[in-house]
Amino acid sequence: MTAEVHHVTHPLIQHKLTLMRQKDRSTSMFRRLLNEISMLMAYEVTRDMPTQLIEIETPLETMRSPVIDGKKTVFVSIMRAGAGFLDGMLNVVPGARIGHVGLYRDPKTLVAVEYYFKMPHDMHERDVIVLDPMLATGNSAVAAVDRLKETKPKSIRFVCLLAAPEGLANFHANHPDVPVYTAAIDRQLNEHGYIVPGLGDAGDRLFGTK
Ligand code: URA
């Protein structure tokens, strides 16, 4: 199976991402930019969502017109930085349900350890869009998707802001069937597992915890 990577190069996304990378960008601005980018990424990741025709009345006549079923979509936020993607995505797909996966990286081994997992019921009827701004080692993304596959959803997609080549390779080796949507593929990981050039710790920058 050929792994799918959608590198979303829209100029608006690239411009906003450049602003986010800058180290002196304030917490409030960083948050706002991520919110704006997530709306634009939502547009890409939902591009081929199935629609169904419903009958409606315009002021002039009745017609059959397409709608999407937002209630069948689940946004799964990988805590905690995934939360930064949620509001923007929900602005575009307000009917979506939300799941959370809590994983932390063991600082020594960089292996993902799960501490929280809460999904809507009926996952087998739902299309899942997993959200995590940083695909670094890929270990958290792989672990989150491993767990999600146990719930047997109809489909899974993964959305991030930045990906490292190492993370993409790891993710694709484990989940070649899950398409990845990213705004940038950076050069590499450093010895601490950070993406370089990157934007630093997305959670800290989003929540102002450093
Ligand atoms: N997580 C982050 O927040 N930043 C990185 O560069 C890597 C992982």
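The values are calculated or read from the model by the stated rules, or taken from the named source; none is laboratory data. A quick note: this is a predicted structure, and the numbers were derived from the prediction, not measured. When we count neighbours, we look across all protein chains shown, and the Cβ atoms used for this are built from the backbone with ideal geometry, even at glycine. Accessible surface is based on the protein model in full, side chains and every heavy atom, while ligands, DNA and RNA are left aside. Shrake-Rupley method; radii C 1.70, N 1.55, O 1.52, S 1.80 Å.
A few notes on this one:
- Just one of the listed residues (Ala202, Ala183, Ala173, Ala141) is touching a strand residue (DSSP E or B) at 6+ places or on another chain (Cβ under 7 Å), among the small types (Gly, Ala, Ser) and away from the ligand (no atom under 11 Å from the Cβ), and it is Ala183.
Yes/no per residue for (1) open to solvent by less than 50 Å² (accessible area, probe 1.4 Å); (2) in a helix (DSSP H, G or I):
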{"residue": "Gln14", "(1), (2)": "no, yes"}
{"residue": "Met29", "(1), (2)": "no, yes"}
{"residue": "Ser38", "(1), (2)": "yes, yes"}
{"residue": "Leu53", "(1), (2)": "no, no"}
{"residue": "Pro66", "(1), (2)": "no, no"}
{"residue": "Ile78", "(1), (2)": "yes, no"}
{"residue": "Phe85", "(1), (2)": "yes, yes"}
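- Odd one out for Gly95, checked against (1) free of Cβ contacts under 8 Å to residues at least 40 places away in the same chain; (2) more than 24 Å from His172 (Cα to Cα); (3) part of a helix (DSSP H, G or I): (3)
- Pairing residues of the range 183-210 that are more than 13 Å from Arg105 (Cβ to Cβ) and in a loop (DSSP other than H, G, I, E, B) with residues that are near the ligand (Cβ under 10 Å from one of its atoms) and open to solvent by 50 Å² or more (accessible area, probe 1.4 Å), at Cβ distances under 7 Å and at least 6 apart in sequence or on separate chains, gives Asp186/Pro197; Arg187/Pro197; Lys210/Asp201.
- Among the residues making up the range 166-183, those that are among the hydrophobic types (A, V, I, L, M, F, W, C) and buried (at least 16 other Cβ atoms within 10 Å of the Cβ) are Leu168, Phe171, Val178, Val180, Ala183.
- Filtered by the rule that a residue be open to solvent by less than 70 Å² (accessible area, probe 1.4 Å) and under 13 Å from the mean Cα position of the chain (by Cα), the range 40-51 gives Leu40, Met41, Ala42, Glu44, Val45, Thr46.
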